[in-house]
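Structure, as structure tokens:
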Amino acid sequence: MMHRKGKKRTGIKLTAFLLVLPLLLTGCWNNRDLNEINIVAGMGVERTEGGKILLTVQVVEPAAIQSTSSGKGKGGSSQPKPVFVESCEGETVFEAVRGMLSVIDKKLFLSTAQILIIGENLSRDGIGEILDFFQRDHEIDYSMEVLVANGATPREILEVETDMDAIPAVYIKGTVENTISRGTVKKTMLIDLIKDMGSRGRQLAIGQISKTGENEIRTEGTAVFKNGKLVGWLGPYETRGYLFATNKVKSAIVNVPADKGKIAMEIMRSKGKINVTFKNGKPAALTVKVKVYANVGGYEGRGKLDPDHLIKLEQSLAEEVKKEILMALEKSQKQYSSDIFGFGTNVHKYHPMYWKNAEKNWDVIFSMLPADVRVDARIMRTGISKSPVKKDE
Amino acid sequence: MPGKTSKQYKNGNQNIIHDYTQISASEPIPGTIEAVSARLGEIFSDCCDFITREISCGRNGQIKILVAYINGFVDKRVLNQDVIHPVLNFLSGTELHEGSCIYERLKKCVVINNDIKEAGDMQQAVEGILSGETLLFIDGESKALVIGVKDPRGRQVEEPDSETSIRGAREGFVENLLTNTTLIRKRIKNPNLKLEIMQLGKQTKTDVCICYIKGIANEKIVREVKERLRKIKTDAILDSGIIEQFISGTRLSLFPTVGNSEKCDKLAGKLLEGRVAILCDGSPYVLTVPFLFIESIQTPDDYYDHAYFATFMRLLRLMALMVSTLLPGMYVALVSFHHTVIPFKLMITLAASRQGIPFSPFIEAILMIIAFELLREAGIRMPRPVGQALSIVGAIVLGEASVAAGIASNLMVIIVAITAICSFVVPPLIRATMLLRFVFLAAANFFGFLGISFVSVVVLIHLCRLRSFGVPYMAPFSPLTLSDLKDSLIMVPIWAMLTRPKILRQENARGAKGSKRQELKTRP
């Protein structure tokens, strides 16, 4: 009996002990009210002329957003702005984040940041340092979109006001996410960037953002990096070629020249694969195999869409896609000699022995290799009518 | 309140109890009518509702009988028609010398009423009178007849206010014990439906009836119920709620281990499952034991409708139970700790509604919940006509003004409203959830989700340990009884419910904690 009682007591003690243990776990500890934080919607980093880091944040004013959404008809200039933009300088990003507290009243809450805009100057100097902070800090959300500003400072971009969304950062993020159906900007989440930083044989490529008007931005193109430093840009079509090759296109519109006009093809599905072919233990060519499935979206040509015509169309679609891919390859090989496609990763994976020696001057080897691009296009559906709406003349 | 008064009696007016106990100690009935009359007069002194009448009858008026009863308790017309009239008729031609035969003949063939008992001593006689029966004493006897001509006056059987349902019988129990037993018997026409009566309460001598179906109910539980009832030592049983507190084995738990119901069909169902019911005279609430957790999300309607709907409703009720305990805590944890898990858009809405609120979410939640509980309590206590005014004040003050004044956020009002609605979905656990809500709130305020999960674990452990009359409270989930799952969260159609709940029949249900282990130990 005594024994059982003793057992029971140790049981209780053990349970109590085990229950107390989780209290020692780290986690979100401090009780902080939503009133006591500044909700950051977007961030920008740039290097000043003095060599310091300039951090810019776009902070949401929740109350103003509610009043703008509920009382849109009122208009008037006295309405509070839904966001404010504030900048602060510092030797490091973290210092700038804390330094910000001398100009704003509440602590910055970075988890909600939707976009991170990296300035051109900083990109040219290298982004490795600042990425480390964003990777290390526990508050940063890894699904944040990263963009490189072209022709404007991050602050200028974050200060853009738009009618489409009360919060510009959300608007910008939306345009980046649209890449799913256009494929002209490289969508780069922070987590992808961190992964790419660590991978061997692949250079960084980040989406590009530029300011096209006073209150207009455009997310198109790609910033090409080499060894963590910005070396140049890819245009929208080159970007698409790049995305076709790296299997990142979900949907896109490709125009195919026809007899008297153009046919808009809607890419429904696309599969891309890259490889490096070896000959005699040495890389011989860069191969890119892409298979696209498309629908006829708009037909401005002449003649019926009969099978023969469709086969021709398929060929010219393949031709068109191939052209874009070649454009992207050409630029990254000849102009930037930066392997953003990740051919090097392929070599590292399948020819590790060769990679060991070649890793250091892979850039040079990469830029010398001939390219072999094969595109296979299939047309799935033509829509309701076989002939164009416009009658033949 | 009853507990307090009984204590006062015990301390202050000891002699009254003393007096009374003296009479009740099997004191013989004195042989003469004068003595009986005097004794009764002494016992019922200062009782204006006590009536005695001596009647002289027989050929020469030599035979004297005494009738004693409590005014208002007996049906006088029945008394006169069925008892007094035939007795007088019979005795009018009888001589005294026929002696003791009179008593036997009165008992056996004269009195028309069927409900006749014999009082062998003073105590039985007095108890009979007090429980509404009529005492008939014949001069020279040492026994008296106790004739039941109770007037069954009381509230009519009507639809219970506390438990309403869409389908099913509208009849609810009333205060009168006999009416209640009839209501049960009407539904279960079976001699195995046993109704055992006992009296509880030193002062009130309340009739308490244990009801079960022999052969279906577990004998061990029946015995346990009787034993626990017998152990009750108190002055007053004014309501079944008092019995409930005495017999529920777990006095410190927030969760009820004794169920109660006002609905006859529900009770019949419980009896047929093998449960034991305890009826208490003067209370329309009938207790059922054992009461398990799952019963709080079962309703009689479930069995009268399609099983799909019943299943859906049960899942909904479980959800409501969770929401009503956890929601305020979750909200507080979210807005004060775990901002990272809130979606961006929702966060802006949250932050906007929190803007300018001077209190922390925790204080805000406590204030709003207390305000709501106050309203609810006031709604119960208030005279009904005033209730409407109260609800207007509540809606305006709680809902509108507090938000407009910037004391509470819009979202908090919504949260408290949802919590309140959900808490009404599961009535048996309404008190438990009400208190647990505060515990969860406090835990959430200090430790966030960690605190919530911590308290949840503690509550779950407690629930799994809890037993109602030896039956595990969380059955059929813990211990897992596969066949009983048919009528748990997911309900199978009624035609597929072939067996009664197994857990109630378990032979060693009481020792279930170590039953298997013990068996193994004793075997070799």
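Every number here is computed from the coordinates shown, using simple stated rules; none is lab data. All values derive from a computational prediction rather than experimental measurement. Because the Cβ atoms are built from the backbone with ideal geometry, glycine has one as well, and the counts that use them run over all protein chains shown.
Overview of results
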{"read-out": "Within chain B, helix-based [θ] at 222 nm, where runs of 4 or more DSSP H residues each add -39,500 (n - 2.57), nearest 500", "value": "-14000 deg cm²/dmol"}
{"read-out": "Over chain B, relative contact order from alpha-carbon pairs under 8 Å, at least 6 apart, %", "value": "12 percent"}
{"read-out": "Inter-probe distance in nm under a simple model that places probes 7 Å from Cα toward Cβ, at B:T179 and B:I396", "value": "4.1 nm"}
{"read-out": "Rounded if a/c under 1.5, otherwise prolate or oblate - segment A:181-320, Cα gyration tensor axes", "value": "oblate"}
{"read-out": "Residue (of B:M122, B:S37, B:L106) at the positive-pole extreme of segment B:21-147, dipole from beta-carbon charges", "value": "B:L106"}
{"read-out": "Label-point separation, A:R381 to B:Q62 (7 Å along Cα→Cβ), nm", "value": "11.8 nm"}
{"read-out": "For segment B:319-388: rounded, prolate or oblate by the Cα gyration tensor [a/c cutoff 1.5]", "value": "prolate"}
{"read-out": "Pairs of lysine residues in segment A:231-288 - Cα separation under 29 Å, sequence separation of 8 or more or cross-chain", "value": "14"}
{"read-out": "Nearby lysines by direct alpha-carbon distance to A:K8 (threshold 19 angstrom, same-chain neighbours under 8 apart not counted)", "value": "B:K513, B:K516, B:K521"}
{"read-out": "5 angstrom amide H check on A:R182, placed H, neighbours 5+ away", "value": "A:S251"}
{"read-out": "Length-normalised contact order for segment B:24-81 - Cα pairs under 8 Å, 6+ apart - percent", "value": "26 percent"}
{"read-out": "Surrounding net charge for B:D281, when Lys and Arg each add one and Asp and Glu each subtract one, Cβ distance under 12 Å", "value": "-1"}
{"read-out": "Dipole magnitude of segment B:21-147 about its Cα centre (Cβ charges: Lys, Arg +1; Asp, Glu -1), debye to nearest 20", "value": "380 debye"}
{"read-out": "Summed residue charge, Cβ within 14 Å of A:V176's Cβ, Lys/Arg positive, Asp/Glu negative", "value": "+2"}
{"read-out": "Gaussian network model of chain A, springs between alpha carbon atoms under 10 Å - residue of A:V373, A:V20, A:V170 with greatest fluctuation", "value": "A:V20"}
{"read-out": "Charge tally in the Cβ shell below 15 Å around B:K189, where Lys, Arg are +1 and Asp, Glu are -1, B:K189 excluded", "value": "+4"}
{"read-out": "Mean separation of Cα contacts under 8 Å, 6 or more apart, over the residue count of chain A: relative contact order %", "value": "13 percent"}
{"read-out": "Average partner coverage of B:335-346, which counts Cβ from other chains inside 10 Å", "value": "5"}
{"read-out": "Chain lengthening between A:L310 and A:K273 when straightened (0.36 nm per residue, less Cα-Cα)", "value": "10.8 nm"}
{"read-out": "Cα gyration tensor category, rounded, prolate or oblate, for segment B:304-465 with a/c compared to 1.5", "value": "oblate"}
